[in-house]
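Taking it in order: structure first as structure tokens, then the write-up.
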Amino acid sequence: MTTPDPAPRADWRRVLSLARPELPTLAVGTLALVAGSGLGLVAPRGIGLLMDTVRVPEGLDAAAAETARMAARATLDRTLVVLLGVFVLVGVFGFVRAWLFTLAGERVVARLRRDLYASVVRQEIGFFDAQRTGELVNRLAADTGVLQNSVTVNISMALRFALQAVGALAVLAWTSWRLTALMLGVVPIVVVGAVVFGRTVRSLSKQTQDALAAASAVAEETFSNMRTVRSFAREEQEISRYAARVDEAFERGRSLAVAYGSFQGLAGFAAYAAIALVLWYGGRLVIGDAGGAGMSVGDLTSFMLYTLFLAFALGGLSGLYGDFNRAVGASTRVFELLDRPPGVTTPDGARPERCDGHVVFDGVDFQYPTRADAPVLRGVDLTLAPGRVLALVGASGSGKSTVAQLLARFYDPAGGTVTLDGRDLRALDPAWLREQVGAVAQEPVLFAASLAENIRYGRPDATDAEVEAAARAANADGFVRAFPDGYATMVGERGVRLSGGQKQRIAIARALLKDPRILVLDEATSALDAESEHLVQEALERLMVGRTVLVIAHRLSTVKDADEVVVLDAGRVVERGTHASLLETDGPYRRLVERQFAS
């Protein structure tokens, strides 16, 4: 049965742990970051020296003034060369830092998407009954993208801003502790705002991602069923449905924009207020009427540049704080999917060397996880013997296809057991079990690949000769070779470039190549015209030879040759026997036949 989803676990540490495999790359990038940031702190001091250099003392005679100017020019030139050299190194280290952290980010998101996709694919079928495809796709694309920069590039930026902030603060305190104390008076305002802002962003970000996922689900559903939408002329209705989901995401985004704007406005006011106060008090120090030690114009220039460094770093850190909180919000669903164990699984399940194909349903009860209050099967007893054909008939909703899904262990029964060669299916390796079961459905699903790739899907190692032999046995080789590209012909999404009969024969060829011991035919010919049905039926007869066969059908003409016919009604076995013997009794099967012929 379906395992309940665990409570989502997402915090900063969990998000940051995604970058752990990239620590060597990040370590080198961090060294480049430290070197670049350290050298960057030299620039304001150098510019301050330049400002002091351009001042020539007053009161000198002409010769002394010229000598002072020449010395000042020489000092100015040397300082410029040194500064340019420092800037070159800052650029080189910046390139190394950005390259390595971005590369690590690409690796992290690629690995996360692979792991998330693998976790989703391994879930039981009941999980997909309860989930919308578009929402799952959105988790793979959008949510993982939000996490990408937060665990690598944003870490790089956070470290760079932190180093800049600490370094600038140290130099500021060394230059003038009075000015530094005045400037830091506005920091508590920004810190409190950042905390409130971060909490708000985390909540709103999660709501926004959920709303976007819902919009993606609507779009995916519409695109997948475009023929139905078009046939009922419901384009405008679907547009309105998608627009409603987008509008919901927009409302969340608008709230997020208000939060961003409020915080940025507060931070901007604090920054400019700090600059204005520093200039005012610094100017008084230069003039010499502020008390205490004075300072030169170059010192004040350096101080202002370091103040801008500090303001820029703190502003960057506040923005990254919001990004981290947004990443934590987006990661909740991602980690929930990553942590969720499959509901139908058998660790270390048995893989018998031989499969005879003897299947027994013993007192099986079942209800779908998404409809736990609606029983589908009630005490069903069935036996499928090797080399024999069992046909299941009954009205729609009687439980016929559910039997096939339990046989492939897409679900586990709520009561009773299903055994294969005397072993409970729950004791077998699910992958091994499904290798023994082949199915041909009423509407076979083909992948957007070539005909050969679709036939080879059940046996990827099959040779071209084996693929062609399977196609011939399925009466498919003729129409395949009629295509200009033959077996390399692309079938389009879900096989839309093929007719129903052609898709059915490709599905039969795929099942033939897989060579399963147990074969399930679920309404395999009910949607075909007479000519296609004849070709498909002929191929099915070849496919059924020597296998355990379960036939599910509404059209009773397809089950008259079965070794046993079982009639289901409301999830219970109400009748069983051969086609001929059941016609002789006045029971449900005979009434089904009479209604069909009457229609």
Inset, instruction - Residue by residue through the range 329-366, note down the ones that are free of Cβ contacts under 8 Å to residues at least 60 places away in the same chain, open to solvent by less than 20 Å² (accessible area, probe 1.4 Å) and not aromatic (Phe, Trp, Tyr). - result: Val364
Inset, instruction - Answer yes or no: is there a residue in the range 213-228 that is farther than 23 Å from Asp129 by Cβ, modelled with pLDDT of 75 or more and among the polar types (S, T, N, Q). - result: no
Inset, instruction - Could you tell me which numbered condition Val166 fails, if it satisfies all but one of (1) modelled with pLDDT of 70 or more; (2) open to solvent by less than 20 Å² (accessible area, probe 1.4 Å)? - result: (2)
Inset, instruction - Filter the range 367-387 down to residues that are charged (D, E, K, R) and modelled with pLDDT under 90 and give me whichever is surrounded by the most Cβ atoms within 10 Å (Cβ to Cβ). - result: Arg371
Inset, instruction - Determine the pairs where a residue that is of a type in the set (Lys, Arg), located within the range 169-181, has a partner that is surrounded by 14 or more Cβ atoms within 10 Å (Cβ to Cβ) with Cβ atoms under 9 Å apart, the partner being 6 or more residues away or on another chain. - result: Arg178/Tyr281; Arg178/Leu285; Arg178/Ala290
Legend entry - Hey, Leu392 modelled with pLDDT of 90 or more, under 38 Å from the mean Cα position of the chain (by Cα) and open to solvent by less than 40 Å² (accessible area, probe 1.4 Å) or not: no
Inset, instruction - Examine the range 556-575 for a residue that is surrounded by 21 or more Cβ atoms within 10 Å (Cβ to Cβ) and either within 25 Å of Ala462 (Cβ to Cβ) or modelled with pLDDT under 85 (or both), and state whether such a residue exists. - result: yes
Inset, instruction - Select from the range 457-491 the residues that are touching a Leu at 6+ places or on another chain (Cβ under 7 Å), open to solvent by less than 60 Å² (accessible area, probe 1.4 Å), within 27 Å of Ala408 (Cα to Cα) and assigned to a helix (DSSP H, G or I) and list them in ascending order. - result: Gly458, Val467, Ala470, Ala473
Inset, instruction - Would you mind telling me which numbered condition in (1) modelled with pLDDT under 90; (2) open to solvent by less than 70 Å² (accessible area, probe 1.4 Å); (3) over 30 Å from the mean Cα position of the chain (by Cα); (4) under 30 Å from Ala570 (Cα atoms) Val418 fails? - result: (1)
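Mind checking which residues of the range 95-144 are among the small types (Gly, Ala, Ser), open to solvent by 20 Å² or more (accessible area, probe 1.4 Å) and touching a Lys or Arg at 6+ places or on another chain (Cβ under 9 Å)?
Ala141
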Legend entry - The lone exception for Thr585 - which of (1) of a type outside the set (Phe, Trp, Tyr); (2) touching a Gly at 6+ places or on another chain (Cβ under 7 Å); (3) at pLDDT 80 or above it fails: (2)
Inset, instruction - Quick one: Ala10 ticks every box in (1) farther than 30 Å from Leu338 by Cβ; (2) modelled with pLDDT under 70 except a single one, so which number is it? - result: (1)
Legend entry - Selection within the range 104-135 - farther than 24 Å from Leu16 by Cα and not in a loop (DSSP other than H, G, I, E, B): Val121, Ile125, Gly126, Phe127, Phe128, Asp129, Ala130, Thr133, Gly134, Glu135
Inset, instruction - Being open to solvent by 30 Å² or more (accessible area, probe 1.4 Å) and either modelled with pLDDT of 80 or more or more than 53 Å from the chain's Cα centre (by Cα) (or both) narrows it down to one of Thr3, Thr30, so name that one. - result: Thr30
Inset, instruction - Collect the residues in the range 82-94 that are over 41 Å from the mean Cα position of the chain (by Cα) and open to solvent by less than 40 Å² (accessible area, probe 1.4 Å), keeping them in residue-number order. - result: Leu83, Gly85, Val86
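The values are calculated or read from the model by the stated rules, or taken from the named source; none is laboratory data. None of these values were measured; they are calculated from a predicted model. Neighbour counts run over all protein chains shown; Cβ positions are idealised from the backbone, glycine included. Ligands, DNA and RNA are excluded from the accessible area calculation, which covers all protein heavy atoms including side chains. Shrake-Rupley method; radii C 1.70, N 1.55, O 1.52, S 1.80 Å.
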